[in-house]
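Undergrad: Take a look at the following structure, please.
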Amino acid sequence: MAESLGRKLRYGMVGGGPPGFIGEAHRRAVAIDGLSQLVAGAFSSDSVKNKNFGADLFLDAQRVYSSYQDMAAAESAMPQEQKLDFVVIVTPNPLHYPVVKTFLEAGFHVVCDKPLATSIVHAEELHELAKSKGLLLALTHNYTGFAMVKQARHMVQSGALGTIRKVVIEYQQGWLTNDGGITITRTSGVSSIHDVGTHAENLAQYITGLEIQSLIANVNTFVGGVRSPDDANVLIKYKGGATGVMLISQSATGEQNGLYIRVYGSDASLSWHLEHPDALRVMYRTQPEQLFKRDTNFEYLCDAAKQASRLPNGHVEGYYEAFATLYRNIARTLIAQELGHTPTQYDLDFPTSADGVRGLKFVDKLHESHDSQSWVNF
């Protein structure tokens with residue numbers, strides 16, 4: 001599609017300088033499909049680090065800015081043939097709100113790492129601001145980019161599982177129990193519920209389409225410090241009668257990146273594990289168990305799953321590729337709009353600010369339930 005436009009999309013980045021991990025993940029993901037090119041940025045509040053990092057990325061020194069405010073002002077004044085098509089926000093979490101707001105007000109499409117903000121009030125403000133200006137505000141809940149997650153979603157939507165009865169999802173990590181690892185998130189400004197809990201909520205909603213009706217939560221702090229609270233256990237009632245169980249933790253000793261979902265229907269069930277992302281296990285009441293595998297051409301896979309695959313079966317795809325699928329879809333949507341075309345349903349398959357608002361509402365409701373020790377309506 002970049003060929004149809006006659007060029008790659010131009011993007012800028014705020015945050016993401018060394019020694020952080022997430023900025024590099026975004027840059028690598030954008031690069032995989034070759035639709036967009038980094039041309040500007042404000043990567044660090046340390047002026048020396050910022051300048052040197054821009055040079056390491058071979059950027060024009062005039063487009064490496066000392067602050068996001070300077071970047072927004074200068075880039076909005078660029079001639080159309082040089083102007084950014086979108087901006088990626090990968091700052092520490094407390095800065096998401098002011099940085100996203102600045103670039104939306106300057107008229108730029110924005111892709112923000114999750115969470116969208118640290119409060120639902122700010123998230124709702126950003127959501128409404130993007131809508132009022134007709135701008136794209138995407139959120140990188142990247143686990144929705146995995147091919148077999150899309151296959152799971154298709155099977156639920158097509159009725160292959162029958163009526164959904166129960167959803168069990170957990171996102172448990174153990175790094176927080178190692179004191180030496182705590183320093184990597186001193187500027188994160190969010191709890192473990194914000195960090196991994198919103199991912200779990202988003203994945204369950206993406207695959208099942210179920211809407212939460214009410215929940216009851218037990219919230220805990222086992223380690224303390226920057227990610228407090230670091231553990232939660234949640235029971236969920238969904239609209240339509242299904243139930244859910246959610247386990248959230250970054251203090252689960254021995255766990256690595258344990259995102260694991262099981263969906264139980266009246267006719268069949270499925271399970272997907274992030275640490276084995278190319279496989280989808282499907283179990284039937286009266287048939288043998290099946291193991292679906294990712295591939296670019298397997299006929300039994302849905303179109304969305306095949307489009308999210310880049311390599312033949314057996315060549316494992318993972319974290320970067322899932323991120324890349326979101327960026328590819330975002331880029332295709334922006335290119336279609338630039339050409340005056342209507343984006344396809346596959347192009348539009350990426351999380352938006354609406355997902356960000358719902359995620360922060362979920363965090364607030366967990367705390368409300370824990371504080372009242374009761375079920376709360378969603």
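Undergrad: Hey, could you check the range 337-352 for residues that are closer than 20 Å to LYS150 by Cα and polar (S, T, N, Q) and say which is surrounded by the most Cβ atoms within 10 Å (Cβ to Cβ)? Outline the logic, then answer.
TA: So the first thing to find is which residues in the range 337-352 are closer than 20 Å to LYS150 by Cα, and the list is 343-352.
Restricting the remaining residues to those that are polar (S, T, N, Q) gives 344-345, 352.
On the way: THR344: 13, GLN345: 8, THR352: 17.
Only one residue tops the list, namely THR352.
Undergrad: Here's something else I'd like to know. On the given criteria, is PRO277 closer than 20 Å to GLY318 by Cα and in a loop (DSSP other than H, G, I, E, B)?
TA: Numbers: closer than 20 Å to GLY318 by Cα: yes; in a loop (DSSP other than H, G, I, E, B): yes.
For PRO277, the condition - closer than 20 Å to GLY318 by Cα and in a loop (DSSP other than H, G, I, E, B) - is met.
Undergrad: Residues of the range 151-160 being in contact with a Phe, Trp or Tyr (Cβ under 9 Å, 6 or more places away or on another chain) and open to solvent by 10 Å² or more (accessible area, probe 1.4 Å), which ones?
TA: Taking the range 151-160 as the starting set, the residues that turn out to be in contact with a Phe, Trp or Tyr (Cβ under 9 Å, 6 or more places away or on another chain) are 151-153, 155.
Across the range 151-160, the qualifying residues are ARG153, MET155.
Undergrad: Tally time: how many residues in the range 171-195 are part of a helix (DSSP H, G or I) and modelled with pLDDT under 90?
TA: The first filter runs over the range 171-195 and keeps only residues part of a helix (DSSP H, G or I), leaving 175-177, 179-185, 192-195.
Now drop any that are not modelled with pLDDT under 90, which leaves 175-177, 179-185.
So the answer is 10.
Undergrad: Just the residues that are in contact with a helix residue (DSSP H, G or I) (Cβ under 9 Å, 6 or more places away or on another chain) and closer than 15 Å to ARG28 by Cα, please, taken from the range 311-329. Break it down into steps so the answer makes sense when it comes.
TA: First, the residues of the range 311-329 that are in contact with a helix residue (DSSP H, G or I) (Cβ under 9 Å, 6 or more places away or on another chain): 311, 317, 319-329.
Those that are in contact with a helix residue (DSSP H, G or I) (Cβ under 9 Å, 6 or more places away or on another chain) and closer than 15 Å to ARG28 by Cα: GLU317, TYR319, TYR320, GLU321, ALA322, PHE323, ALA324, THR325, LEU326, TYR327, ARG328.
Undergrad: While we're looking at this one, here's another question. Run down SER67, SER4, SER36, SER44 and say which single residue is among the polar types (S, T, N, Q) and touching a Gly at 6+ places or on another chain (Cβ under 6 Å). Please lay out each step first, then the result.
TA: Details: SER67 fails: touching a Gly at 6+ places or on another chain (Cβ under 6 Å); SER4 fails: touching a Gly at 6+ places or on another chain (Cβ under 6 Å); SER36 fails: touching a Gly at 6+ places or on another chain (Cβ under 6 Å).
That would be SER44, the only listed residue that is among the polar types (S, T, N, Q) and touching a Gly at 6+ places or on another chain (Cβ under 6 Å).
Undergrad: A further question on this structure: With respect to LYS365, is the statement that it is in contact (Cβ under 8 Å) with a residue 12 or more places away in the chain and either open to solvent by 70 Å² or more (accessible area, probe 1.4 Å) or among the small types (Gly, Ala, Ser) (or both) true? Outline the logic, then answer.
TA: Numbers: in contact (Cβ under 8 Å) with a residue 12 or more places away in the chain: yes; either open to solvent by 70 Å² or more (accessible area, probe 1.4 Å) or among the small types (Gly, Ala, Ser) (or both): no.
So LYS365 does not fit the description; no.
Undergrad: Here's a follow-up. Do any strands (runs of 3 or more DSSP E) lying entirely in the range 196-272 carry at least 2 residues that are open to solvent by less than 50 Å² (accessible area, probe 1.4 Å) and within 17 Å of ARG358 (Cβ to Cβ), and which ones are they? Give the steps one after another, and end with the answer.
TA: Values: elements: 212-220, 231-238, 243-249, 258-265.
Of the strands (runs of 3 or more DSSP E) lying wholly inside the range 196-272, those with at least 2 residues that are open to solvent by less than 50 Å² (accessible area, probe 1.4 Å) and within 17 Å of ARG358 (Cβ to Cβ) span 212-220, 231-238, 243-249.
Undergrad: Give me the residue from the range 295-336 that is over 26 Å from ILE22 (Cβ atoms) and in contact with a Leu (Cβ under 8 Å, 6 or more places away or on another chain) and, out of that set, least open to solvent (accessible area, probe 1.4 Å).
TA: Going through the qualifying residues, I end up with ASP295.
Undergrad: Name every residue in the range 118-148 that is surrounded by fewer than 22 Cβ atoms within 10 Å (Cβ to Cβ), assigned to a helix (DSSP H, G or I) and among the aliphatic types (A, V, I, L, M), in order of residue number.
TA: ILE120, VAL121, LEU129, ALA130 - these are the residues of the range 118-148 that are surrounded by fewer than 22 Cβ atoms within 10 Å (Cβ to Cβ), assigned to a helix (DSSP H, G or I) and among the aliphatic types (A, V, I, L, M).
Undergrad: Ok, one more. Among the residues of the range 300-328, how many are closer than 26 Å to TYR11 by Cα, assigned to a helix (DSSP H, G or I) and either more than 18 Å from the chain's Cα centre (by Cα) or without any contact (Cβ under 8 Å) to a residue 40 or more places away in the chain (or both)?
TA: 1
The values are calculated or read from the model by the stated rules, or taken from the named source; none is laboratory data. This structure is a prediction, so every number in the text was calculated from the model and none was measured. Cβ coordinates were reconstructed from backbone atoms using ideal geometry, including for glycine residues, and neighbour counts include every protein chain displayed. Please note that ligands, DNA and RNA were not included when accessible areas were found on the heavy atoms of the full protein model with its side chains. Shrake-Rupley method; radii C 1.70, N 1.55, O 1.52, S 1.80 Å.
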